[in-house]
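Engineer: Below is a structure I'd like to ask you about.
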Amino acid sequence: MARQTNTLFLEQWLRTNIGGISYSGSGHSSLSTSSSSARAIIQAWSEIRDSLQNQTFNPLILQSLKTLLNSQASLHVADPQAKLLLSVLSSRSYDLPSESYPILLRLLYIWVRKSFRPSTVLIDSAVDVLSHVFATEFGLKKSPSFLAEGILILGAISFVPSVSESSKIACSELLCRLLEEDYELVRLGEEIIPDVLAGIGYALSSSVDVHFVRVWDSLLGIWGKEDGPRSTVPTALMILHLVEWVVSGCIKSRSLKKIEAFSQQILGTSKASYVPFALVMVAAGVLRASRQAANGQGLEFVSRLRISAENQIAFVAQQLVSETKGFINSDNDPANSLLRQCLSLALARSGAVSFTAPVLLCLASALLREIFPLSHLYMQILQFIHSSGSEFDTNEIKRHLDSTLFKEAGVITGVFCNQYVSADEESKSLVESLIWDYCRDVYSGHRQVALLLRERNNELLVDLEKIAESAFLMVAVFALAVTKQRLNSNFSQEIQREKSVQILVSFSCLEYFRRMRLPEYMDTIRRVVACVQESESACISFVESMPTYVDLTTWQDFSSKQKMGYEWSKDEVQTARVLFYVRVIPTCIERLPAHVFRRVVTPAMFLYMGHPNGKVARASHSMFVAFMSSGKDFKDERVSLKEQLVFYYMQRSLEGYPDITPFEGMASGVAALVRHLPAGSPATFYCIHSLVNKANNLLSDANALKADDWKNWQGGPEPCKKILELLSRLISLVDIQVLPTLMKSLAQLIIQLPKTGQTMVLNELYAQVAESDDVTRKPTLVSWLQSLSYLSSQAKMEVFTSKEREGKENSASSGTVEPQARL
């Protein structure tokens, strides 16, 4: 919090409190980073003194003044030097150039603020000189910097405790007149706004209160005048912290008369000239100051002041809600946009306030329209692309990413959630609907924009996704608040399940933007999934929210040309959403009726088994495993569906193997189906038959190559070896009715292998059977392996005999005789 005793230059402090946004310009409003040497400073004072003594204006004086200005950060102006400056200002011997007045006023300001106790006589003289300058010179040589420096020095003098009351009143009077008559100059040079506000702050903190309300009227009304300065977020933030500084000083000095006047005439009434955004920031500044004071002093009048400030914020919020008729989608008024931004920043910087429905609604509106304006940006980009076909200007989005509003999104989200927790049921339901609808809009909009920009403007897409990632964090934090409020004994099971499904669907829409492991997200997922999996109706409701096969494979809103070019596997936003469903559905699959799984889940599951991303394809296989493992009762329709699905599962898996289908996913699916299908199921026989055919095809391809690495099994084709490995593992898994068929087919495959491969596969089978404790099938497998070993050795012998016979024939035809023949 600002303490007046520690704030030397108020305008500097205001600049540091606007989130890194700086007002820069050609004026003298900000302290220079350059510094002159001590010798140059002494020389500058000497030149000014000589010029005054000679009663002639030396052009070098202006340069001397600039030398002093450049050293203002370290410059100390004593009373004699201040007297010299006043003499220059009041001299009638020469006409000062316009540029010199702001510098002279700035140097006098440094004198007033840095002097421990400036001479009261000199101060009174300064007031007279300033009054004369603004009466005679300002009208001819007015400029934004002249105005700003004048307001600054007048306010600073009125703030000095030792100054006479008459001088303070004179300064306040002149300051008010400048604000009322020459406010349009502020619009011409907006870099001077911090200086103007600082001068107002000093005047409001003066010990005299003759013009107290009049100064407040200027502060709150200047922004609404036709030629007045523009209303901006940086200005609003400076108003907030200015009021914090002023009010904290009033509280500390127990200026009860001022506080009462402020509470009744500023916060307690709403003049037509007061601009709403400024009122909100004033109230927020009061809340910041009162919170600090309440922590240390617990004063009753501070509590009353705080109540007045909260009421003022609620009043402005109510006016905004009434004007926009509830919410947001058709409200494009820049003034309302600024007001939403200011309301959210005001509450973020002033701490918790009592719940009111308008404030909650305004915060929701600010989050969805101003802080995360994705729907608006998507619409702009799509319209721009379709109308012009040229590149969209990314500067707007970059400026938003750098803005104070976006950087404080986390704090604003926290305030929003606190308001939600205290809200009534109607307000809670309303903002929940707004957030969930927003998630669906972001999903739909980002799909379109991502598909259009992926190869066109990746930089723009990256910036959009930065906003979307932060929006996901906001939704995750809000969803946790909803979970804590709704998923408890105060609500019926039906309501709890409804809210859980809504959260899951919303998370699915934003899954693409989940780039980190967020504790709030994980906690929410665990709670809502636990709630959904207890109810069949909730499971069905969630599953049926999944995009249909037609939605997944076509894009209805595209033009005919774009439809032809749409590839579902390249739609990353959609893929992320489907992956979310594929991961969540297995957790509640026991409650999911078979006909719903067939109608809704199966098409997407089989489609994404062919996705080129291995992670996505494996997840789809895991879904199949979960369904095959579910429902232990063999008398329901689920068993029939399992058997039906196996036929297409094997086709879909093997047609993409090894290029697309991940072996681990397919192996887990095969293991699940042989474990969970009824004994002797035709689907199991079909599975074995399909694997054997695939292995035969791979063997044929390898034999056709006649490569050396095929003869050496250790370097042989991996896809074929993995299929053989899978078939070998199945001898311990298939039921007894299927085992003979598997053994026969596997034996035929092994005999076709090179001798090295046969040896290695047989050794692995022997080890597998030796480790088995299945007393039912082990004797059969031992006998089978012995027969297979014999057949393998016979095959090797035939190969050797054939080669020997071929060698003899070749020798005879060439007229040579083998050594053995001669013997």
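The values are calculated or read from the model by the stated rules, or taken from the named source; none is laboratory data. All values derive from a computational prediction rather than experimental measurement. In this analysis, Cβ positions are derived from the backbone assuming ideal geometry, glycine residues included, and neighbour counts consider all displayed protein chains. For accessibility, only protein heavy atoms count, side chains too; no ligands or nucleic acids. Shrake-Rupley method; radii C 1.70, N 1.55, O 1.52, S 1.80 Å.
Engineer: With unit charges on the beta carbons (Lys and Arg positive, Asp and Glu negative) and the dipole taken about the Cα centre of the chain, which residue among L242, Q72, S745 sits farthest to the positive side?
Structural biologist: Farthest towards the positive pole: S745.
Engineer: Using Cα pairs closer than 8 Å and at least 6 residues apart in sequence, work out the relative contact order for the range 374-534, in percent. Don't skip to the answer; put the middle values down first.
Structural biologist: Details: 103 pairs, mean separation 45.0, N = 161.
After rounding, I find 28 percent.
Engineer: Something else now. Give the ranking of E173, E260 by solvent-accessible surface, highest area first, calculated with a 1.4 Å probe. The partial results should precede the final answer.
Structural biologist: On the way: E173 60, E260 105 Å².
Output order, biggest surface exposure first: E260, E173.
Engineer: Helix 663-676 versus the longest principal axis of the chain: what is the Cα-based angle in degrees, 0 to 90, to the nearest 10?
Structural biologist: Roughly 60 degrees between the two axes.
Engineer: Let me ask you something else. Quick one: putting +1 on the C-beta of Lys and Arg, -1 on the C-beta of Asp and Glu, what dipole do you get for the range 39-228 around its Cα centre, in Debye to the nearest 20?
Structural biologist: Numbers: 16 positive and 22 negative charges, 141 e Å.
Using only the charged Cβ atoms, the result is roughly 680 debye.
Engineer: Over the chain, what is the mean sequence separation of C-alpha contacts under 8 Å (at least six apart), divided by residue count, expressed as relative contact order in percent?
Structural biologist: Values: 940 pairs, mean separation 51.2, N = 823.
Worked out over the chain, it gives 6 percent.
Engineer: Taking the Cα centre of the chain as origin and charging only Cβ (+1 Lys, Arg; -1 Asp, Glu), how large is the dipole, in debye to the nearest 20? Working shown, then result.
Structural biologist: Numbers: 81 positive and 83 negative charges, 307 e Å.
Computed about the Cα centre, the dipole is about 1480 debye.
Engineer: A further question follows. Using the Cα centre of the chain as origin and beta-carbon charges of +1 (Lys, Arg) and -1 (Asp, Glu), tell me which of A272, Q493, L724 is placed farthest towards the positive end of the dipole.
Structural biologist: Positive-most Cα among the choices belongs to L724.
Engineer: Taking 24 Å as the cut-off for C-alpha to C-alpha distance, list the pairs among K66/K168; K83/K114; K694/K778 that go past it.
Structural biologist: Numbers: K66/K168 29 Å; K83/K114 15 Å; K694/K778 27 Å.
Among K66/K168; K83/K114; K694/K778, the Cα-Cα distance tops 24 Å for K66/K168; K694/K778.
Engineer: Something else about it: Of V639, A38, L677, which is farthest along the charge dipole of the chain in the positive direction, counting Lys and Arg as +1 and Asp and Glu as -1 at C-beta?
Structural biologist: So the residue furthest toward the plus end is L677.
Engineer: Per residue, how many Å² of accessible area does the chain show with a 1.4 Å probe?
Structural biologist: Details: 35990 Å² over 823 residues.
Solvent-accessible surface per residue comes out at 44 Å².
Engineer: With every protein chain left in place, what is the accessible area of I169 in Å² (1.4 Å probe, nearest 10)?
Structural biologist: Spelled out: I169, probe radius 1.4 Å, area about 50 Å².
Engineer: In whole percent, and with a 1.4 Å probe on the protein chains, what portion of the accessible area of the chain is carbon and sulfur? Intermediate values should be presented prior to the final figure.
Structural biologist: Details: 18470 of 35990 Å².
Carbon and sulfur: 51 percent of the exposed surface of the chain.
Engineer: Which whole-number percent is the relative contact order of the range 550-677 (Cα, under 8 Å, 6+ apart)? Don't skip to the end; give the middle numbers.
Structural biologist: Working: 106 pairs, mean separation 33.1, N = 128.
Result for the range 550-677 is 26 percent.
Engineer: While we're here: Counting only the heavy atoms of the protein chains, how much of S119 is accessible to a 1.4 Å probe, in Å² to the nearest 10?
Structural biologist: 40 Å²
Engineer: Additional query: Using 32 Å as the Cα-Cα cut-off, could you pick out the over-long pairs in K252/K428; K141/K398; K142/K252; K398/K499; K466/K570? Walk me through the intermediate numbers first.
Structural biologist: Numbers: K252/K428 39 Å; K141/K398 40 Å; K142/K252 38 Å; K398/K499 36 Å; K466/K570 20 Å.
The answer is K252/K428; K141/K398; K142/K252; K398/K499.
Engineer: What are the aspartates and glutamates whose alpha-carbon lies under 14 Å from the alpha-carbon of K722, with same-chain residues fewer than 8 places away excluded?
Structural biologist: In chain and number order, the partners are D659, E664, E764.
Engineer: Residue by residue through the range 212-221, which ³J(HN,Hα) values in whole Hz follow from phi under the Karplus form 6.51 cos²θ - 1.76 cosθ + 1.60 (θ = phi - 60°), with glycine and proline marked x?
Structural biologist: In residue order, the calculated couplings are 4, 5, 4, 5, 4, 4, 5, 4, 8, x Hz.
Engineer: Consider the candidate values (1) 29.0; (2) 33.6; (3) 28.2; state which one is Kirkwood radius over Cα pairs in Å computed from the structure displayed.
Structural biologist: (2)
Engineer: To the nearest 10 Å², what's K570's accessible area with a 1.4 Å probe?
Structural biologist: Approximately 130 Å² of K570 is accessible to the 1.4 Å probe.
Engineer: Then there is this: Give me the distance between the Cα centres of the range 232-307 and the range 85-155, rounded to whole Å.
Structural biologist: A separation of 31 Å, based on Cα centres.
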